[in-house]
Amino acid sequence: MVPEGNWPEDGLERLGKCPACGAAARAEMFAALRDEAFHAAPGRWPLWRCLDCEAAYIDPRPDAASIGLAYAGYYTHAEPGSAVSARRKRMRVRLQLGYYNKRYGYDFAAGWGVGALVYRFNPMKALRADYAIRHLPAPPPAGGTLLDVGCGNGSFLLTARDLGYVATGLEPDEDAVRRARAAGLDVRLGVLPESGLQENSFDHVCLNHVFEHLHKPREAAREILRLLRPGGRVWLSQPNLGAIGLQVFGASWRGLEAPRHLSLYTHGSLMRLLCEAGFTDVEMLPAEAAADFYFQQSLSMRQGLNPQKTRTPPGWNAKWRKQVRAANEMARRMPERGESLTMVARKPG
């Protein structure tokens, strides 16, 4: 059950303007969102659409000092594990490593060359493999550095390390930081902006479903630019305000996730934010085939169920599966309509 009552009044902050562009003109999208995704946070949350950049944002919202109350039972506490490891010799892994060798320039000895052909004729498999390594090219012979912002338990740091990167994590959850450090990972306690990390330190910065959680997105984007070396790349993925699922489910769409998702973007508004921060070569990547996750979770939420505790929502049938296939197909043809939005951009070199 979603907690009753209100968020502590002394833990609220009021913006009155868009945190992405600073404009005050806005229209209300939803008057009273609730935490239907995790059933952890009390309160009802207005979501506003900026009439200038078209980003959406919660206002009022939990302030930085109190937002941790909304993360009870969140994802960050499982044991970390790499999505890619050359030490695993199963056929599937050998094929995948062979695909990475051909597609991204790696040199995994365990990779089978036929993997590139197998993945060429299975685009969905290739798409999943691309996202497993966040489209990272092989590091140069001299080595490469990577920062994973909001790294949680550090699973992707293990993946990046297996890919040959020197990987650092930034994470605000103290328990998650302890778990990651216990696994031998370099994880710093902190958030963007004001991470305290040295500028011009990283070849890649990744934010996987993290940017929407940040209180100061404009300032965070500018700090990412400072942290990157000239020519370095940011990879950023988050729920898409232009998603088909938002039209289908409205206030129960899984991507809204109030009050943790403080701001959300279309491809146009996110591109504008990155360009205004100083990035160049901003590009939208092919969308994940994520409709099954978003639609099932959203249907559970519409029915008043906790999607984290519902394996398959009641009424999930052939009609819904057909809609999922159609949504994934549209996202393949029109990435700006996918359930999630993934973009890359570079620091001028």
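Quick notes
- Computed from the C-beta positions of A25 and L117 and an R0 of 45 Å, the FRET efficiency is 0.30 to the nearest 0.05.
- Unpartnered cysteines - no second Cys beta carbon under 4.7 Å - across the chain: C151, C206, C275
- FRET E, pair E4, A142, Förster distance 41 Å, beta-carbon r, rounded to 0.05: 0.10
- Set of lysines near K322 by C-alpha distance (under 27 Å), chain-local residues within fewer than 8 positions excluded: K125, K309
- Rolling a 1.4 Å probe over the protein heavy atoms gives region 1-160 an accessible area of 48 Å² per residue.
- Under Stokes-Einstein, with the Kirkwood radius over Cα pairs as Rh, the value for region 103-262 at 20 °C and 1.002 mPa s is 124 µm²/s.
- Label assignment, P(r) over Cα pairs in 10 Å bins from 0, in percent derived from the structure, set (i) 5, 24, 31, 24, 13, 3, 0; (ii) 5, 23, 34, 27, 9, 1; (iii) 4, 17, 21, 20, 15, 10, 7, 4, 1, 0: (ii)
- Computed over the chain, relative contact order equals 17 percent, with contacts defined as Cα pairs under 8 Å that lie 6+ residues apart.
- Computed with a 1.4 Å probe over protein heavy atoms only, the accessible surface of region 250-349 comes to 44 Å² per residue.
- Shape of region 96-198, Cα gyration tensor, a/c cut at 1.5: prolate
- Annotation: the antiparallel percentage among DSSP beta bridges lying fully within the chain is about 50.
- Cα gyration tensor shape of region 174-310, rounded if a/c is under 1.5, else prolate or oblate by comparing a/b with b/c: oblate
- Partner lysines for K216 [C-alpha distance under 29 Å; skip if fewer than 8 residues away on the same chain]: K17, K347
- Estimated inter-spin distance, A110 and E329, nm [label 7 Å along Cα→Cβ]: 3.8
The values are calculated or read from the model by the stated rules, or taken from the named source; none is laboratory data. The structure displayed is predicted, hence computed values, not measured ones. Counting neighbours? That spans all protein chains shown, and the Cβs are built from the backbone with ideal geometry, glycine included. The area values use the complete protein model at the heavy-atom level, side chains included, leaving out ligands, DNA and RNA. Shrake-Rupley method; radii C 1.70, N 1.55, O 1.52, S 1.80 Å.
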